[in-house]
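First up is the structure itself, then whatever we jot down about it.
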Amino acid sequence: MTAKPPKFDSVPRTADAPAAAADFARRLVPFWQQALGPELLGVYLIGSLAHGGFSARYSDVDIAVIAGSGLSPKLLERAKAAAVALSADWGPKLSIFWTDRGFTAGRFPPLDRIDYLDHAIALFESERVRPARPTLQEVQDYLAGAAFTGWADQARRFANAEALEPKDRKPYLRALLYPARFCFSHLTGRMGSNDQAVEFLAEARPPGLDVSLLDRALKCRQADADPDPLFSARAVLLSQIEACAALIAK
């Protein structure tokens, strides 16, 4: 019987977490091969497992699946069930980005397409499909849409909250860190880790952005710590929204 990865909510975080998460994704490859047969073109690690900065507590296990005709909703549900059956610890963290041969369908936003082009690590590949690289303008248009409004709505909710519930620790820390990734990608057209983004903004410093809060949030993430000590800074999220909106308006 294959041993499960440790429960990271009950044991100390370890440097082995990225390897364990990657191994989990690798052990899902036979499912994709059996389900898709010759339609399967490739399965890849993307996200923080590919470009760096993976957190056992806060990261998703991001994979890209490329199939000739894409994936059906039924197959996606089967894949999620197979992932949880394989590991009750890692399975719920699985996030599937998918598309067809022409990158015309599915779930594969511009930044994740760039991540695939620049950083993808193949777990299985029968044919390497290379879509057109999104332009800086396409990245900026994407960031100015639902990606921005969804984060801004959640950030306002946290800014006005009276307490931080345990279930909100992960989304709160993500809300604190999102301006780093947003500004980095808006200014460079690239996909990078939270670490790269915060380092970049220490020099770029967009007007109105509180980079010191981003640095504190990054240190919390790197330590896999609770973000409760940062909850007192929640009102700063309102000015972070304004700084990002000003960047969009330029």
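Key figures for this structure:
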quantity: For residue 229: the one exception among (1) within 30 Å of residue 17 (Cβ to Cβ); (2) in contact with a Leu (Cβ under 9 Å, 6 or more places away or on another chain); calculated: (2)
quantity: Tally, over segment 74-101, of residues that are under 10 Å from residue 28 (Cβ atoms) and either part of a loop (DSSP other than H, G, I, E, B) or of a type in the set (Lys, Arg) (or both); calculated: 2
quantity: Single unsatisfied condition, residue 63 versus (1) farther than 30 Å from residue 225 by Cα; (2) part of a strand (DSSP E or B); calculated: (1)
quantity: Pairs with Cβ under 7 Å, 6+ apart, first in segment 227-238 and within 12 Å of residue 164 (Cα to Cα), second exposed (fewer than 14 other Cβ atoms within 10 Å of the Cβ); calculated: 234/161
quantity: Any chance residue 25 is buried (at least 18 other Cβ atoms within 10 Å of the Cβ) and either aliphatic (A, V, I, L, M) or more than 27 Å from residue 144 (Cα to Cα) (or both); calculated: yes
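This table checks each residue for (1) under 18 Å from residue 52 (Cα atoms); (2) not charged (D, E, K, R).
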{"position": "160", "(1), (2)": "no, yes"}
{"position": "164", "(1), (2)": "no, yes"}
{"position": "178", "(1), (2)": "yes, yes"}
{"position": "190", "(1), (2)": "yes, no"}
{"position": "201", "(1), (2)": "yes, yes"}
{"position": "214", "(1), (2)": "yes, yes"}
{"position": "218", "(1), (2)": "yes, yes"}
{"position": "222", "(1), (2)": "yes, yes"}
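Read the figures in this text as sums done on the coordinates, not as results from a lab. Predicted, not measured: the structure shown is a model, and the values here were computed from it. Cβ: placed from backbone, ideal geometry, glycine included. Neighbour counts: every protein chain shown.
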